[in-house]
1. Consider region 24-79. How many of its residues are over 18 Å from GLN99 (Cβ atoms), under 14 Å from the mean Cα position of the chain (by Cα) and among the basic types (Lys, Arg)?
2. Could you please find all residues in region 36-73 being among the small types (Gly, Ala, Ser), farther than 20 Å from SER19 by Cβ and not in a helix (DSSP H, G or I)?
3. Within the set of pairs 6+ apart or on separate chains, which have a first residue in region 59-76 that is more than 18 Å from ALA26 (Cβ to Cβ), a second that is part of a helix (DSSP H, G or I) and among the hydrophobic types (A, V, I, L, M, F, W, C), and C-beta atoms under 9 Å apart?
4. For GLY84, work out the one condition from (1) modelled with pLDDT of 75 or more; (2) among the small types (Gly, Ala, Ser); (3) under 11 Å from the mean Cα position of the chain (by Cα) it doesn't fulfil.
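The values are calculated or read from the model by the stated rules, or taken from the named source; none is laboratory data. Just so you know, these numbers come straight off a predicted model, no measurement behind them. Cβ placement follows ideal geometry from the backbone for every residue including glycine, while neighbour counts extend to all protein chains displayed.
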Amino acid sequence: MARESEAWMSGVPEAVARSELTIVVARDEDGRPLAWAAAIVDDMVCLIDKALATSHEARWALHDHIVRLLIARRVRYLLAEGGGPFGALGLTPNVRHFQHLLGYELRHVGPVAKPSCPSS
């Protein structure tokens, strides 16, 4: 974890320079990062592009903060890639039930090929 966190943190200036990214960091009382997420936020959709967490508690605290920010901005959809620290598809049935109670609808999303136009 420390090596991954250090590697990512060394690229923070580059990532922050990307205007489409919103960077959110959860820190301990000494200011050390415990979890971070880089998200692309559109009018209606947020995509968590990259994320890393040192513990479930830090991940959930950061996730809660992100969700509150999105609610305030009236963003309706939160997308996270597969099995990373913010991925929800592999969670236990109890956690998925809790997510459902909170209003989450878990879906697999994938690209769809554009239909070809018939030739004239």
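1. Number satisfying all stated conditions: 1.
2. Once the filter is applied, which keeps residues that are among the small types (Gly, Ala, Ser), farther than 20 Å from SER19 by Cβ and not in a helix (DSSP H, G or I), region 36-73 yields ALA53, SER55.
3. VAL75/LEU69; ARG76/LEU70
4. (1)
This table checks each residue for (1) surrounded by 12 or more Cβ atoms within 10 Å (Cβ to Cβ); (2) of a type outside the set (Ser, Thr, Tyr); (3) modelled with pLDDT of 85 or more.
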site	(1), (2), (3)
SER10	no, no, no
SER19	no, no, no
GLU29	no, yes, yes
ARG32	no, yes, no
LYS50	yes, yes, no
SER55	yes, no, no
